[in-house]
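Working notes, structure below.
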Amino acid sequence: MEFNKFRIRSYEGQSDRAQVEDLERRCEVGPSESVFLFTDTMGDPICRIRNSPMYMMLVAELDNELVGVIQGSIKVVTVHGHPPKDLAKVGYVLGLRVSPQHRRKGIGSSLVRTLEEWFTSKDVDYAYMATEKDNHASVSLFMDKFGYTKFRTPAILVNPVNHHCFQISPNIEIARLKIDQAEYLYRRFMGSTEFFPNDIGNILRNKLSLGTWVAYFKGDIAWGDFGSDGQVPNSWAMLSVWNSGEIFKLRLGKAPFSCLVCTKSWWLIHKIFPCLKLPTIPDFFNPFGFYFMYGVHHEGPFSGKLVRALCQFVHNMGAESKDESNCRIIVTEVGGRDELNHHIPHWKLLSCPEDLWCIKALKNEGTNNKFHELTTKTPPTRALFVDPREV
Ligand SMILES: CC(C)(COP(=O)(O)OP(=O)(O)OC[C@H]1O[C@@H](n2cnc3c(N)ncnc32)[C@H](O)[C@@H]1OP(=O)(O)O)[C@@H](O)C(=O)NCCC(=O)NCCS
C-alpha cells in the first residue's frame, strides 16, 4: 500500500530546503473564510526553532519527494507542581505540514510519533503544541489520536504600525534595563509564571532581543534603585521586544475582497487628505516584518496605563525602524481572559482571541497525577510566559 512507502528522516539543509519551502507554500494554515497571516521563512525553514536550546526537524519522503515536515524544540520551564522545584523539560511540536495530495495516509501521525520518540530519548516530561481551535484536522490528530489535552487558550494580539508616532504621557518614565537587571526582575517577578523558560538569560542575550524596558510614574522611585534593593514602585510595568522580522516575514493570506477594497480606499483618503491625520493602514499584502513583545508584566493599581505606554513606545520603535526587518505590526500573546488584553492595543481583525495549546505527559511513571493537576486544576486565566523563540 502506498502509505508504507514513505520514510521519516532528519532534515538536511542543503538538499531539502527548496522542497520544504515549496511544501510550506502549498500548506497555508488558516481558516479559509477569514483573514490570516502567512509566514515566509526567507530560505531558512528552521528559523523558528534554531534559537532554542535543542531542536529537530524531520521530513517525510515518498519517491524522492518531500511530502511532510515537522519541527520540535526542547527547553526547561516552570510547570506548577512538577518536582523538583517546579521545573520540567518540555518539547514543543510545531510546523507540522503534509502535502495536500498525501493526506489521510498516516504521514502526519508518523511525523508526530517520531518526534515524540526523539523527545522521549531526551528525557522530556511533556510535549505541547499550539493550533487554531478551528483547525479540525490538527485538533483531531493531536487530541483524538495522540491523547493531547487542552491546556490553555492564550490570545494573540496584533497591532499595525503606522507612520505617526504616539506621544507618551509626560508623567510616565520609560527606561531601558541592562540584561542582568532584566534577568533578575524576570526571575523574581515572573519565575513562577507557567512555562517561564529557565534559560531566560539566553533569550535576553540573543541578538534578536532588542531590549527590555520598564515604565513607572515620574517621582515614584529614583531610577537607579529599581528592583535591585527589593524596592519597586507602587505601579510599574515591564516588557521585552524580539525582532521576529529578522528571521521570517508575514503577509496577509486569503484576504476577503472587501478588506482589500477598504485598505486601498483608506490609502486613497490618506493621500488626498493628509491633513486629516488618519492612521495609515500598512501594506500587509507584501511580506513584512514584526516585533514580538514578550515577558509583559505589570503590578500596581495604575499599571494598565503603564503597559499601554510601553506598547506605544514599542509601536514608535517599529515606526522609526529603518532596518531590513520592515516592521509593520507588533504582536504579543497573553494568557486567555487575561486583563492585559484591555491594556494592549490591538486590532480584532488581525488578532486571534483563542490560540489552542494542548499538552501530553510523555512519562507514565510519577508524573500522571501532576499532569492531571496541570490540565484540570490550573486556572485558565493564570499568566503564561510565551517564549519569543517559539513564535
Ligand atoms: C494536520 C495534517 C498535518 C494531518 O496530516 P495527515 O497526514 O493527513 O494525518 P494522518 O493521515 O496521520 O491522520 C491522523 C489523524 O488525524 C485526524 N485527521 C487528519 N486529517 C483530518 C481531517 N481533514 N479532518 C478530521 N480529522 C483529520 C484523524 O484523526 C486522523 O486519523 P484517521 O485517519 O485514523 O481518522 C494535515 O492535514 C496538514 O498538513 N494540514 C495543514 C497544516 C496544518 O494544519 N498543520 C497543523 C498545524 S498545528
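The values are calculated or read from the model by the stated rules, or taken from the named source; none is laboratory data. Just so you know, these numbers come straight off a predicted model, no measurement behind them. Cβ atoms come from the backbone with ideal geometry, glycine included; neighbour counts cover every protein chain shown.
Numbers below:
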item	result
Options 43, 106, 95: the member that is within 16 Å of the ligand (Cβ to nearest atom), within 21 Å of the chain's Cα centre (by Cα) and at positive phi	95
Residue selected from the range 127-170 under the condition more than 15 Å from the ligand (Cβ to nearest atom) and of a type in the set (A, V, I, L, M, F, W, C), by the criterion farthest from residue 292 (Cα to Cα)	168
Single unsatisfied condition, residue 124 versus (1) of a type outside the set (Asp, Glu); (2) more than 16 Å from the ligand (Cβ to nearest atom); (3) buried (at least 17 other Cβ atoms within 10 Å of the Cβ); (4) modelled with pLDDT under 95	(4)
Some residue of the range 64-76 being of a type in the set (Val, Ile, Thr), out of contact with any helix residue (DSSP H, G or I) (no Cβ under 6 Å at 6 or more places or on another chain) and either within 16 Å of the ligand (Cβ to nearest atom) or outside any strand (DSSP E or B) (or both)	no
Residue 134 being more than 24 Å from residue 354 (Cα to Cα) and either touching a strand residue (DSSP E or B) at 6+ places or on another chain (Cβ under 6 Å) or surrounded by fewer than 19 Cβ atoms within 10 Å (Cβ to Cβ) (or both)	no
Residue 168 surrounded by 15 or more Cβ atoms within 10 Å (Cβ to Cβ), β-branched (Val, Ile, Thr) and closer than 30 Å to residue 283 by Cα	yes
Any chance residue 211 is in the same structural domain as residue 297 (by TED's automatic domain parsing), on the phi > 0 side of the Ramachandran plot and modelled with pLDDT under 85	no
Any hit, the range 214-234, residues being modelled with pLDDT of 95 or more and aromatic (Phe, Trp, Tyr)	no
Which listed residue, of 94, 66, is aliphatic (A, V, I, L, M) and under 25 Å from residue 190 (Cβ atoms)	94
Selection status of residue 178, touching a strand residue (DSSP E or B) at 6+ places or on another chain (Cβ under 7 Å) and of a type in the set (Lys, Arg)	no
From the options 83, 100, residue that is at pLDDT below 95 and more than 14 Å from the ligand (Cβ to nearest atom)	83
Condition broken by residue 375, with the remaining ones in (1) at pLDDT 65 or above; (2) surrounded by fewer than 16 Cβ atoms within 10 Å (Cβ to Cβ); (3) not aliphatic (A, V, I, L, M) satisfied	(2)
